[in-house]
Amino acid sequence: MTRIVSLLPVATEIAAALGLMDQVVGISHECDFPSEANARPRVTHCPVHDAALTSREVDEWVRRALRENGTIYTIDEPLLRKLRSDVILTQKLCDVCAVGYGTVAKLAQTLPGPPQVVNLEPSSLSDIFDDIRCVADVCGVPERAERLIARLSERVEIVRQRAARTTSRPRCFLMEWVNPPFCSGHWGPELVEIAGGYDPLGRRHQPSTQIDWQEALDARPDVMVLALCGYDIDRARRDYEIVREFPDFDSLPAARRGEVYLTDATAYFARPGPRIVDTLEILAGILHPEEFPEFASRGPDDPRVVRMG
């Protein structure tokens, strides 16, 4: 049996979707899905995780920690050695999202085995599916990946075909951070497009980046989606109040039409794994609720998406 240590939440989700959860022996401090993951020992720590900081304070802390230390995480090395993993799942995509690949690879060489370090670094929907294949191949269950990807791809195509029937393509500002403002990147603009919209500020298949608020005003989005990295809807509500105070926010078509949405980004938008197709369906329900009523917000208590009106 392959003993797996997952150092990022999406890798844990992929392992679970492939029926490998019984082989996951260690997880990161952020892994929380599926619920059985919470019973595993956590091998990483981040001082800012669950801290009661504003988005501006988080941004400043992260920038300072990366500048001074090169990372914002610590690894419990004694625990990692004790777990005697065969495979460590990690990433190069973002130094803010998880322990850096270089740090993990260097440490792995000192561990018994040593374990195989697997890098997950998706920038597109197809990359996400390839990551699922990669984990399955390393763990010896490639056929499970193909079955899973077939089911996910079928759902994607259903959204794509139904969205193509709509007559409008709303301009959608997918916002990844509030203070300072960040546009979406990587798979975000692609999902907006498949769901029947257009993100004029998005960086398709590239890293998200900080923008000037004036750029958002100039883009005049019809719809605004707060998909704040690492935030659930309760945290997003607080940052929505910050956005409302930005200059000329009320002049945005999205604000005037009541088309501003809060999402659970930590579960969906920011997790490039199997639930990214749920993210696509959420976007379809936001952009075209008349075509996708089954995905539209179910009200203020919807844990996925809430329309602020």
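Can you go through Ala163, Ala195, Ala216 and tell me which one is in contact with a Cys (Cβ under 9 Å, 6 or more places away or on another chain), hydrophobic (A, V, I, L, M, F, W, C), over 17 Å from Phe269 (Cα atoms) and open to solvent by less than 50 Å² (accessible area, probe 1.4 Å)?
Ala216
Could you list, in sequence order, the residues of the range 289-304 that are part of a loop (DSSP other than H, G, I, E, B) and either buried (at least 24 other Cβ atoms within 10 Å of the Cβ) or of a type in the set (Asp, Glu) (or both)?
If the condition is that a residue be part of a loop (DSSP other than H, G, I, E, B) and either buried (at least 24 other Cβ atoms within 10 Å of the Cβ) or of a type in the set (Asp, Glu) (or both), then Glu290, Glu291, Asp301, Asp302 are the ones that fit.
Hey, could you check the range 3-27 for residues that are assigned to a loop (DSSP other than H, G, I, E, B) and open to solvent by 30 Å² or more (accessible area, probe 1.4 Å) and say which is nearest to Tyr268 (Cα to Cα)?
Ranking the qualifying residues of the range 3-27, first place goes to Gly19.
Yes/no matrix, rows are residues, columns are (1) over 28 Å from Asp59 (Cβ atoms); (2) touching a Leu at 6+ places or on another chain (Cβ under 6 Å); (3) modelled with pLDDT of 95 or more:
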{"site": "Leu107", "(1), (2), (3)": "no, no, no"}
{"site": "Asn119", "(1), (2), (3)": "no, no, no"}
{"site": "Gly140", "(1), (2), (3)": "yes, no, yes"}
{"site": "Val156", "(1), (2), (3)": "yes, no, yes"}
{"site": "Thr167", "(1), (2), (3)": "yes, no, no"}
{"site": "Arg171", "(1), (2), (3)": "no, no, yes"}
{"site": "Met175", "(1), (2), (3)": "no, yes, yes"}
{"site": "Pro181", "(1), (2), (3)": "no, no, yes"}
{"site": "Trp187", "(1), (2), (3)": "no, yes, yes"}
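Table: residues versus (1) of a type in the set (A, V, I, L, M); (2) loosely packed, with under 15 Cβ neighbours inside 10 Å; (3) within 20 Å of Gly188 (Cβ to Cβ); (4) in contact (Cβ under 8 Å) with a residue 12 or more places away in the chain.
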position	(1), (2), (3), (4)
Ala136	yes, no, no, yes
Leu148	yes, no, no, yes
Arg151	no, yes, no, no
Val159	yes, no, yes, yes
Arg169	no, no, yes, yes
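Kindly indicate whether any position in the range 178-192 is open to solvent by 70 Å² or more (accessible area, probe 1.4 Å), farther than 19 Å from Glu13 by Cα and not basic (Lys, Arg).
No, because not a single residue in the range 178-192 is open to solvent by 70 Å² or more (accessible area, probe 1.4 Å), farther than 19 Å from Glu13 by Cα and not basic (Lys, Arg).
Hey, Asp239 hits all of (1) at pLDDT 95 or above; (2) not in a strand (DSSP E or B) but one; which does it fall short on?
Among (1) at pLDDT 95 or above; (2) not in a strand (DSSP E or B), Asp239 violates only (1).
The values are calculated or read from the model by the stated rules, or taken from the named source; none is laboratory data. It should be emphasised that the depicted structure is a prediction, and the values quoted were computed from it without experimental measurement. FYI the Cβ positions are ideal-geometry reconstructions off the backbone, even for glycines, and counts take in every protein chain you see. Remember, those area values only see protein heavy atoms, side chains included, never the ligands or the DNA or RNA. Shrake-Rupley method; radii C 1.70, N 1.55, O 1.52, S 1.80 Å.
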